[in-house]
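Chemist: My questions will all concern the structure given below.
The values are calculated or read from the model by the stated rules, or taken from the named source; none is laboratory data. All figures in this text were calculated on a predicted structure; none of them were measured in a lab. Backbone-built Cβ (ideal geometry, glycine too); neighbour counts: all protein chains shown. With ligands, DNA and RNA removed, areas are computed over all heavy atoms of the protein, side chains included. Shrake-Rupley method; radii C 1.70, N 1.55, O 1.52, S 1.80 Å.
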Amino acid sequence: MADLIYLDHAASTPPFAEVIDLIAETLRSSPANPTGAHTAARAAVRVVEDAREQVAAAVGVNPGEVVFTSGGSEADNTAILGLAAVRGRPAPTIAVSAIEHGAVLEAAREAESLGAELRIIEVDDDGLIDPTRCASICRSDTALASVMLVNNEVGVIEPIAEIAGNLHLASPGAVIHTDAAQAFSTQPIERASLEVDAITISGHKIGGPQGVGALIVRDGLELRPLIRGGGQELGRRAGTHNVAGIAGFGLAVEMAAERRNDFAKRARSLTERAWELIASKVDGAVVNGSGAPRAPHILSLRFEGIRAEDALVLLDREGVCISSGASCASGAQKPSHVLSAMGCSAPEARSTLRLSVGWSTTEVEIDLAAEAICVAVATLRREK
Amino acid sequence: MTDRPSVMVAMSGGVDSSVAAALLVDRGYDVTGVTLKLWAGADGTPPTSGCCTAADASDARSVASLLGIPYYVFDYQDEFRAGVVDPVIAGYASGVTPNPCIECNRLIKLALLRERASLLGCEFIATGHHARVMTTNGRPRLLRGCDRAKDQSYVLYMLDEISLRSLLLPIGEMTKTQVRATARRLGLRTAEKDESQDVCFVGDGGMRAFLETELADRLVAGEVLDRAGATVGRHRGAALFTIGQRRGVGVSAAGRRFVTAVDPASGTVRVGSRAELESRVVEADGVSWVSGLPPEDDSQVMVQIRYASDPLPGRVFSTSQGSMRLELDQSAWAVAPGQAAVCYRGDEVIGGGTIRRSEPDATATG
């Protein structure tokens, strides 16, 4: 990693040094299975519960409202399939935004194939959802709605509190979930303020390890578990805890929340710097979602006349690591569903690059990357 | 960037291209592995058999990782659909039998690969085709692969000297057995992988099922006629048939009957005896010659009229710009317009073209 210019933090961001140390230390000191009846087990339980308290405090909920999972995708699946399954039987109505992460969309489609009615909440050309429009799509019979707070591809920030507020009025029984995986590092996440019932958090987006996350579920909400077996997490998610990973996750959540304001400021100045450099040297570059409030650490740009995948290869050879659209697109063949929902044509979607910064990103890296992007775009345009 | 010659290898995830990449690394080339993503299933669901499966890209990636080379996937599905799949379907709909692999090589695989290579500053491209490029007196020639049973030179006939100069075919000198042994020795997980048997975008049901789905209500049911014009059966769509086909012909007649002509416009399919499909003369257009120059009229060549057919001796004549006439010394059976007629001299491909018509062999009995 040392000789790379890594600007794909929205995909995964390196864990904090303190988190790495804690994980290593926990693996050494607390390797027992928390479900045992002995001292060693109780030490492991302590680690898990300490982490739970850290997460609960950061989000303003009770520890019992934190369910540890294997990451954001599992949390999303649990929210959609686990929460909806117990509501509005036999055929609950589920509403999700058109720009949700694949985990939410695919889980929603699975629910649909199992009999649920699926409604898609559209976005405008900047990726924004209109809270009034959303409420009218959901009508009065929606059992579960899911809208992400910050979109991972273009960074647009949705007015979740307003959306949720309107929805609760329109559909009083609705459970509202928000995927906050990409939001956590720069946006305040407080369950009550967001007016939601469930929140997804992901470790590797915020300086924690990959493979650990949490679903925050409001007290009193029934949840059908996806993973069954040993009854862990109060019967909501079975499986032996990833004790060390959870410890790291808890610390990462605490650290990310503490650094949020500073990071948001730094990230904003870095991505603005990148945009200014690029816009000054390259014609026909457009910020996706430019008319919407956007998270400061993500910059999604489209460049007329190039194919993003070609640019990625040229940049890779210069040691610059960025992405085009979402990083989970390895299996997906179609142009980004997020960009399509925002009205981008297929060529526009396929000419989009996403640059995202992290705690470690420096101005030097931004300058080098911006230069490399300009060169790559010029090369590709010349080649045509 | 290094001083070593650089090459971009098309890796399909199969054992041939895996070994091709490995050999080039061994020989000191600066190798970049790429997979061309061409097909994602007719409805966008990645196929689980044939080519371009999710496992294929994963296999190619793992081989690249083992070899320590950079690896990229290039998405050319739109171009493949427009440039290969749709024209192939249209060809069948008009009554000819295209060879999709030839169209793909011509328009997509080698052309796009070359573009990507030049973009990334790679001097050469390479594939795992069973064929050889050999340079004699400074001029590159295209030869059959050493394993005759696996020879793929037929689908590469459209290459010219310029293309051949920058094309490396590392496994052409090896037999398939040697290729697998090499893969095993290198610890490549693709060593025992089965070859994809059919055209890459055709699913488990074969070309017929694929065409039935794609053409759907454009298919016009009609009559199957014999040589005399009498109706001997019915069919679901003339486009589903190809010259020489015997199965799937719903015919009530004594003796074996083969498709002798297909005419989607009138919706008729004609059947006849084996002997009616013997041809001595084949005409082709869209002809290209590896050396850039056509052979002298009336010169002797060996002709293959299908991928897997035995080469037949004959003489070639250039008829007009880009067209040729082949007069065979012994008859070819079931010459299908749309297929390629490829001319060889010994093991060397000298060129070929797309078959347009053939003349029945008047001396054939039956």
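Chemist: Checking the conditions here, which among B:Ala275, B:Ala261, B:Ala265 is modelled with pLDDT under 95, out of contact with any strand residue (DSSP E or B) (no Cβ under 8 Å at 6 or more places or on another chain) and either buried (at least 21 other Cβ atoms within 10 Å of the Cβ) or not in a loop (DSSP other than H, G, I, E, B) (or both)?
Modeler: Result: B:Ala275 is the single residue among B:Ala275, B:Ala261, B:Ala265 that is modelled with pLDDT under 95, out of contact with any strand residue (DSSP E or B) (no Cβ under 8 Å at 6 or more places or on another chain) and either buried (at least 21 other Cβ atoms within 10 Å of the Cβ) or not in a loop (DSSP other than H, G, I, E, B) (or both).
Chemist: So, in the stretch A:358-368, of the ones that are in contact (Cβ under 8 Å) with a residue 24 or more places away in the chain and more than 20 Å from A:Glu18 (Cβ to Cβ), which residue ends up least open to solvent (accessible area, probe 1.4 Å)?
Modeler: Looking at the filtered set, the residue picked out is A:Ile366.
Chemist: Out of all the residues in the stretch A:297-304, is one or more under 26 Å from A:Asp21 (Cα atoms), at pLDDT 95 or above and touching a Gly at 6+ places or on another chain (Cβ under 9 Å)?
Modeler: Taking every residue of the stretch A:297-304 in turn, at least one turns out to be under 26 Å from A:Asp21 (Cα atoms), at pLDDT 95 or above and touching a Gly at 6+ places or on another chain (Cβ under 9 Å).
Chemist: In the stretch B:319-332, how many are surrounded by fewer than 22 Cβ atoms within 10 Å (Cβ to Cβ) and either of a type in the set (Lys, Arg) or in contact with a Phe, Trp or Tyr (Cβ under 9 Å, 6 or more places away or on another chain) (or both)?
Modeler: Result for the stretch B:319-332: 2.
Chemist: So, one more: Would you be able to tell me the number of residues in the stretch B:91-115 that are in contact with a Leu (Cβ under 9 Å, 6 or more places away or on another chain), more than 14 Å from chain A (Cβ to nearest Cβ) and more than 18 Å from B:Val290 (Cβ to Cβ)?
Modeler: The total comes to 4.
Chemist: Right, B:Ala364: within 23 Å of B:Arg227 (Cα to Cα), open to solvent by 30 Å² or more (accessible area, probe 1.4 Å) and in contact with a helix residue (DSSP H, G or I) (Cβ under 8 Å, 6 or more places away or on another chain) or not?
Modeler: For B:Ala364, the condition - within 23 Å of B:Arg227 (Cα to Cα), open to solvent by 30 Å² or more (accessible area, probe 1.4 Å) and in contact with a helix residue (DSSP H, G or I) (Cβ under 8 Å, 6 or more places away or on another chain) - is met.
Chemist: Which condition number in (1) within 30 Å of A:Ala116 (Cβ to Cβ); (2) surrounded by fewer than 22 Cβ atoms within 10 Å (Cβ to Cβ); (3) modelled with pLDDT of 95 or more is the one that A:Arg87 fails?
Modeler: (3)
Chemist: State all residues of the stretch A:1-29 that are closer than 28 Å to A:Arg191 by Cβ and either open to solvent by less than 30 Å² (accessible area, probe 1.4 Å) or in contact with a Cys (Cβ under 8 Å, 6 or more places away or on another chain) (or both); if no residue qualifies, say none.
Modeler: A:His9, A:Ala10, A:Ala11, A:Ser12, A:Thr13, A:Phe16, A:Val19, A:Thr26
Chemist: Looking at A:Ala32, A:Ala44, which is the one that is surrounded by fewer than 20 Cβ atoms within 10 Å (Cβ to Cβ) and either touching a residue at least 12 places away in the same chain (Cβ under 8 Å) or not in a strand (DSSP E or B) (or both)?
Modeler: Exactly one residue qualifies, and that residue is A:Ala32.
Chemist: One residue is enough: does the stretch B:212-228 have a residue meeting the conditions touching a residue at least 60 places away in the same chain (Cβ under 8 Å), open to solvent by 10 Å² or more (accessible area, probe 1.4 Å) and in contact with a Gly (Cβ under 9 Å, 6 or more places away or on another chain)?
Modeler: Within the stretch B:212-228, one or more residues are touching a residue at least 60 places away in the same chain (Cβ under 8 Å), open to solvent by 10 Å² or more (accessible area, probe 1.4 Å) and in contact with a Gly (Cβ under 9 Å, 6 or more places away or on another chain).
Chemist: For the stretch A:70-84, what are the residues that are open to solvent by less than 10 Å² (accessible area, probe 1.4 Å) and in contact with a strand residue (DSSP E or B) (Cβ under 6 Å, 6 or more places away or on another chain)?
Modeler: Selection gives A:Gly71, A:Ala75, A:Asp76, A:Thr78, A:Ala79, A:Leu83, A:Ala84.
Chemist: Quick check: is even one residue across the stretch A:341-351 modelled with pLDDT under 95, at negative phi and of a type in the set (Ser, Thr, Tyr)?
Modeler: yes
Chemist: Quick check on the stretch B:278-297. Is at least one of its residues modelled with pLDDT of 95 or more, surrounded by 23 or more Cβ atoms within 10 Å (Cβ to Cβ), in contact with a helix residue (DSSP H, G or I) (Cβ under 8 Å, 6 or more places away or on another chain) and not in a loop (DSSP other than H, G, I, E, B)?
Modeler: no
Chemist: May I ask you to say which residue of A:Ala267, A:Ala295, A:Ala376, A:Ala311 is open to solvent by less than 10 Å² (accessible area, probe 1.4 Å), within 14 Å of another protein chain (Cβ to nearest Cβ) and within 25 Å of the chain's Cα centre (by Cα)?
Modeler: None of the others qualify; the one that does is A:Ala311.
Chemist: Moving on to the next point. Quick one: is B:Arg189 part of a helix (DSSP H, G or I), open to solvent by 50 Å² or more (accessible area, probe 1.4 Å) and farther than 22 Å from B:Tyr307 by Cβ?
Modeler: No.
Chemist: Another question, if that's okay. Report whether or not A:Arg109 is of a type in the set (Lys, Arg), surrounded by fewer than 17 Cβ atoms within 10 Å (Cβ to Cβ) and at pLDDT 95 or above.
Modeler: Taking the combined requirement at face value, the residue satisfies it.
Chemist: Another question, then. On the basis of being closer than 30 Å to A:Ala143 by Cα and of a type in the set (D, E, K, R), does A:Glu65 make the cut?
Modeler: Against the criterion (closer than 30 Å to A:Ala143 by Cα and of a type in the set (D, E, K, R)), A:Glu65 qualifies.
Chemist: Taking the condition free of Cβ contacts under 8 Å to residues at least 40 places away in the same chain and within 14 Å of another protein chain (Cβ to nearest Cβ), does B:Ala82 pass?
Modeler: Criteria met by B:Ala82.
Chemist: Same structure, new question: Any idea how many residues of the stretch B:116-132 are surrounded by 20 or more Cβ atoms within 10 Å (Cβ to Cβ) and either of a type in the set (Gly, Ala, Ser) or more than 14 Å from chain A (Cβ to nearest Cβ) (or both)?
Modeler: Number of matching residues: 9.
Chemist: Among the candidates B:Val88, B:Val63, which residue alone is more than 14 Å from chain A (Cβ to nearest Cβ), surrounded by 22 or more Cβ atoms within 10 Å (Cβ to Cβ) and free of Cβ contacts under 8 Å to residues at least 24 places away in the same chain?
Modeler: Result of the check over B:Val88, B:Val63: B:Val88.
Chemist: Go through B:Thr53, B:Thr32 for me and flag whichever is within 13 Å of another protein chain (Cβ to nearest Cβ) and either within 21 Å of the chain's Cα centre (by Cα) or modelled with pLDDT under 90 (or both).
Modeler: After applying the criteria, what remains is B:Thr53.
Chemist: Looking at the stretch A:193-220, which of its residues are open to solvent by 10 Å² or more (accessible area, probe 1.4 Å) and farther than 17 Å from A:Val147 by Cβ?
Modeler: Selection gives A:His204, A:Lys205, A:Pro209, A:Gln210, A:Gly211, A:Asp219, A:Gly220.
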